[in-house]
Amino acid sequence: MKSSRRSFLITSLGVASSVALTRQALAADAAKLEESDPTAQALGYVHDAAKVDKAKQPKFVAGEDCSNCQLYQGKAGEAFGPCPIFNGKLVSKDGWCSAYTKKAG
Ligand code: SF4
């Protein structure tokens, strides 16, 4: 009886720590891209496409944003989604960067 209780406790602790690790991994994956991030700055990323500096980003066309970019991996209805250009960090669906590629179709 005692030993089965001990193994139950050990198993529970193991499960609890894997859940904690999974949560940590998810939190790390789900980091939002900051505009101050050096890669974001290099590519002129902004959270709001309306704020693109058109003098610095002459190829920007009004109406372009992450939600209609080929590379955007966010789900419909979510405000942020992963972008492979920024190692899967979350970009705003209303954002824009100079790697913008119009979604086909
Ligand atoms: S590559 Fe596309 S989805 Fe990614 S940040 Fe630039 S515009 Fe947005």
Segment 84-105 residues near the modelled Val61 label - backbone nitrogen below 17 Å, point 7 Å along Cα→Cβ: 96-105
19 Å Cα-Cα threshold exceeded, pairs from Lys51/Lys93; Lys32/Lys102; Lys32/Lys93; Lys32/Lys59; Lys59/Lys102; Lys59/Lys103: Lys32/Lys102; Lys32/Lys59
Net charge over other residues, Cβ less than 13 angstrom from the Cβ of Val52 (K, R count +1; D, E count -1): -2
Long-range tail of P(r) for segment 32-105 (Cα pairs > 16 Å, %): 39
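Throughout, read-outs are computed from the coordinates displayed, never taken from laboratory work. Note that the structure is predicted; figures quoted are calculated from it, not measured. Cβ atoms come from the backbone with ideal geometry, glycine included; neighbour counts cover every protein chain shown.
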